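The values are calculated or read from the model by the stated rules, or taken from the named source; none is laboratory data. Not measured: the values here are computed from a predicted model. Glycine gets a Cβ as well: all are built from the backbone with ideal geometry, and neighbour counts include every protein chain shown. With ligands, DNA and RNA removed, areas are computed over all heavy atoms of the protein, side chains included. Shrake-Rupley method; radii C 1.70, N 1.55, O 1.52, S 1.80 Å.
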Amino acid sequence: MINITFPDGSVRQYEKGTTGLQIAESISSRLAQDVIAVGVNDQTTEINRPITTDASIKLYKWDDAEGKHAFWHTSAHLMAEALQELYPHVKFGIGPAIENGFYYDIDTADMVIRENDFPTIEAKITEIVARKENVVREEISKADAIKLFTEKDEPYKIELISELEDGTISLYRQGNFVDLCKGPHLANTADIKAFKLLSVAGAYWRGDEKRKQLTRIYAISFPKKKMLDEYLLLLEEAKKRDHRKIGKELELFTFSQSVGQGLPLWLPKGTMLRDQLEDFLKKVQKKYGYLPVRTPHIGQKELWITSGHYAKYGKDSFQPIHTPQEGEEYLLKPMNCPHHCEIYKVSPRSYKDLPIRYAEFGTVYRYEQSGELHGLTRVRSFTQDDAHIFCRPDQLKDEFMKVMDIIFIIFKALNFENFEAQISLRDPNNKEKYIGSDENWEKSEQAIIESCEAKGLKARVELGEAAFYGPKLDFMVKDAIGRRWQLGTIQVDYNLPERFELEYTGADNQKHRPVMIHRAPFGSMERFVAVLIEHTGGKFPLWLTPEQVVILPISEKFNDYAKEVVNTLNMHDIRASVDERNEKIGKKIRDNELKRIPYMVIVGEKEAENNELSVRKQGEGDKGTYSINDFAQLIVDEVNNMTNKFLA
RNA sequence: GCCGAUGUAGCUCAGCUGGCAGAGUGCGUCCUUGGUAAGGACGAGGUCACGGGUUCAAGUCCCGUCAUUGGCUCCA
């Protein structure tokens with residue numbers, strides 16, 4: 001007999017060789033149905049693997065990441081099996097489970113797989129699932145594994161095996177398909193009830209652009225058909241919220257081929273929205289003692305040689321602009337910090353002056369690869385809500401925490417209730433990738449870690465994700481349909497002050513180096529607006545939305561009254577207009593609903609006579625009758641409620 | 001930059017095995033002057049992304065370029 005310890009600490013005895021499935025059966029038949037994988041002493045394994053020693057176990061279901069992982073991993077093998085049967089010549093790369101589904105990388109030789117081929121592949125998968133094949137684990141020696149895959153002529157597998165330790169090589173076999181794999185897997189492919197191929201793309205073998213590009217097929221699968229339907233619905237919802245689509249519909253921004261790729265043009269309504277965001281952050285920053293600055297869009301190349309950016313990014317940037325007479329070289333600025341450093345240097349600084357916080361909505365230009373451009377989230381010209389804090393080392397932690405406060409205010413004001421944070425440190429095994437002394441790196445990293453602790457912020461720590469000049473704290477928000485977006489960032493930097501020879505005079509009358517904090521709560525205005533669009537589906541909060549109120553006259557006879565109303569509302573700083581079109585009221589309501597205008601005001605004979613308004617709220621309908629002043633007050637109060645509490 | 005897909009009216013899209021370029025919506029004019037999610041008529045609007053080729057004939061087939069797009073790589 002062996003002792004099995006459950007997550008709640010209870011211990012039960014089972015016969016030696018009992019499987020996870022049998023343990024689940026001994027608890028409930030429902031659990032036995034749902035269990036997908038078993039954690040045995042923190043190692044995830046199959047539910048049909050015999051357990052031979054005392055162990056603590058966890059039974060994983062679909063709701064557990066480990067369960068999904070095993071499910072999708074087997075699904076990847078299943079898809080590979082189908083591909084092998086349909087296209088016997090394909091060579092297999094890797095086929096892992098990912099956050100939402102899985103993929104398999106295959107070498108198709110000259111054959112091209114297109115999305116048109118998906119129904120054929122899906123039909124084959126359905127056929128295989130009906131065979132109810134068992135998934136069987138085998139362990140073989142390295143030599144045997146190489147022999148097997150040499151016979152099968154699978155060069156990518158051989159490459160993978162040759163890098164593995166001998167003795168622990170496992171294979172998983174189902175039907176005629178066998179794959180090198182650590183596992184764990186489902187016991188039988190029949191559990192995969194719903195399957196959908198999602199997209200096909202090129203992917204370099206092992207992520208190396210010098211190696212062959214394989215065909216990657218993305219897919220997802222579920223234990224129930226209903227779950228697949230729900231997932232597809234979510235994809236539909238994401239499509240509806242696509243900021244590129246809504247940006248066009250609501251006339252927020254556009255791109256022009258004549259202007260150039262990745263160079264967004266902000267239309268009046270988009271600009272109004274963005275201005276609201278900028279004004280709000282300016283007010284918050286004012287409260288926190290920031291000083292506004294402005295700097296030009298270009299600067300001498302030497303500026304970025306000094307900063308170290310030129311050495312790292314110069315070749316892959318927009319190339320220098322030359323002055324016609326002197327042949328001097330200027331760069332479009334890829335970042336604002338060097339300019340701000342020069343502002344710092346404008347006069348000698350005392351320790352009493354610090355911290356100094358310079359803020360600028362600074363537009364920068366980066367040559368992103370053409371394949372990487374995407375709507376407003378990845379562009380070649382964007383505006384950072386940038387600021388640089390120059391402080392004494394003893395002020396660093398305090399300043400860092402104040403920046404965190406600003407970021408929390410922004411997230412709260414914009415209803416991003418769910419967010420995560422990531423501390424990005426340098427890769428200790430790869431120090432040559434970074435500039436700056438070990439000592440400074442350690443100090444910077446420590447400051448970030450301590451600030452998070454002091455603020456009670458649980459942050460994931462990632463090694464090797466730091467910027468090349470310093471560690472950083474990044475914030476990821478979760479939007480209304482559960483997708484994660486990276487937004488704000490805070491970075492500690494000892495290097496630039498060194499490179500620009502920034503100084504202050506200490507109380508000891510000696511020269512000292514300040515520390516710099518780079519920070520951008522929104523990240524970039526372009527990206528932030530994109531995320532905001534997808535988060536809200538274009539239904540912006542009242543204080544941000546470009547058009548807050550539209551007046552809908554019942555007929556043209558009441559256009560004049562409607563214009564009076566607009567004038568009054570405008571006097572209260574309310575963004576309002578009249579829908580003067582010769583349309584019936586139903587049509588006007590419909591069109592303005594689709595434009596996601598928060599308040600519609602209907603005016604006809606009754607309202608004009610009594611100096612009243614009939615108010616209608618977007619998505620809710622008729623709200624009854626108001627006097628003009630009461631309505632104006634309603635809007636003003638609603639806007640104030642949304643923002644003023646953060647500015648008090 | 002690389003691999004795949006796509007590019008037709010302002011927008012969303014149809015246009016089969018090559019044979020006179022279409023719809024809806026938007027826009028303009030007129031009729032209608034209305035009460036809480038689409039009133040009606042007429043009209044304008046196209047270098048079928050661009051360049052080349054095959055063909056009696058190309059939106060359609062082939063090649064190239066550009067852009068968009070799904071990924072890969074990259075991301076100060």
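Brief remarks on what is shown
- Candidate set from the stretch A:84-97 (those that are under 20 Å from residue A:192 (Cβ atoms), in contact (Cβ under 8 Å) with a residue 60 or more places away in the chain and not in a loop (DSSP other than H, G, I, E, B)); member that is least open to solvent (accessible area, probe 1.4 Å): A:92
- Considered as a group, the residues in the stretch A:591-606 that are more than 9 Å from RNA strand B (Cβ to nearest atom) and open to solvent by 40 Å² or more (accessible area, probe 1.4 Å) include one that is nearest to residue A:544 (Cα to Cα), and that residue is A:596.
- Residue identified as among the acidic types (Asp, Glu) and in a helix (DSSP H, G or I) among A:251, A:278: A:278
Table: residues versus (1) polar (S, T, N, Q); (2) open to solvent by 60 Å² or more (accessible area, probe 1.4 Å); (3) within 23 Å of residue A:270 (Cβ to Cβ).
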| residue | (1), (2), (3) |
| --- | --- |
| A:385 | no, no, yes |
| A:390 | no, no, no |
| A:394 | no, yes, no |
| A:397 | no, yes, no |
| A:403 | no, no, no |
| A:413 | no, no, yes |
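- Meets criteria (surrounded by 18 or more Cβ atoms within 10 Å (Cβ to Cβ) and either free of Cβ contacts under 8 Å to residues at least 40 places away in the same chain or of a type in the set (Gly, Ala, Ser) (or both)) for residue A:247: yes
- Some residue of the stretch A:525-534 being open to solvent by 30 Å² or more (accessible area, probe 1.4 Å), in a loop (DSSP other than H, G, I, E, B) and out of contact with any strand residue (DSSP E or B) (no Cβ under 6 Å at 6 or more places or on another chain): no
- Candidate set from the stretch A:101-111 (those that are hydrophobic (A, V, I, L, M, F, W, C) and touching a residue at least 24 places away in the same chain (Cβ under 8 Å)); member that is surrounded by the fewest Cβ atoms within 10 Å (Cβ to Cβ): A:111
- Which numbered condition residue A:4 misses (of (1) open to solvent by less than 40 Å² (accessible area, probe 1.4 Å); (2) in a helix (DSSP H, G or I); (3) farther than 14 Å from residue A:183 by Cα; (4) not hydroxyl-bearing (Ser, Thr, Tyr)): (2)
- If you go through the stretch A:499-511 and pick out every residue that is touching a helix residue (DSSP H, G or I) at 6+ places or on another chain (Cβ under 8 Å) and not aliphatic (A, V, I, L, M), you end up with 2.
- Residues that are in contact (Cβ under 8 Å) with a residue 24 or more places away in the chain and of a type in the set (S, T, N, Q) within the stretch A:441-488 comprise A:444, A:451, A:486, listed in sequence order.
- Scanning the stretch A:48-69 for residues that are hydrophobic (A, V, I, L, M, F, W, C) and either buried (at least 24 other Cβ atoms within 10 Å of the Cβ) or without any contact (Cβ under 8 Å) to a residue 24 or more places away in the chain (or both) gives a single hit, A:65.
- Helices (runs of 4 or more DSSP H) wholly inside the stretch A:110-220 that include at least 3 residues being within 16 Å of RNA strand B (Cβ to nearest atom) and of a type in the set (D, E, K, R): none
- Residue check, residue A:549 in contact (Cβ under 8 Å) with a residue 12 or more places away in the chain and more than 15 Å from RNA strand B (Cβ to nearest atom): no
- Cβ-Cβ distances below 7 Å connect the following pairs, each with a first residue in the stretch A:361-373 that is touching a residue at least 40 places away in the same chain (Cβ under 8 Å), a second residue that is open to solvent by 50 Å² or more (accessible area, probe 1.4 Å), and a separation of six or more residues or different chains: A:363/A:297; A:365/A:318; A:365/A:332; A:367/A:316; A:367/A:318; A:368/A:378; A:370/A:261; A:373/A:261.
- When the stretch A:415-428 is filtered for residues that are surrounded by fewer than 16 Cβ atoms within 10 Å (Cβ to Cβ) and either on the phi > 0 side of the Ramachandran plot or under 18 Å from the mean Cα position of the chain (by Cα) (or both), the ones remaining, listed by number, are A:415, A:417, A:418, A:420.
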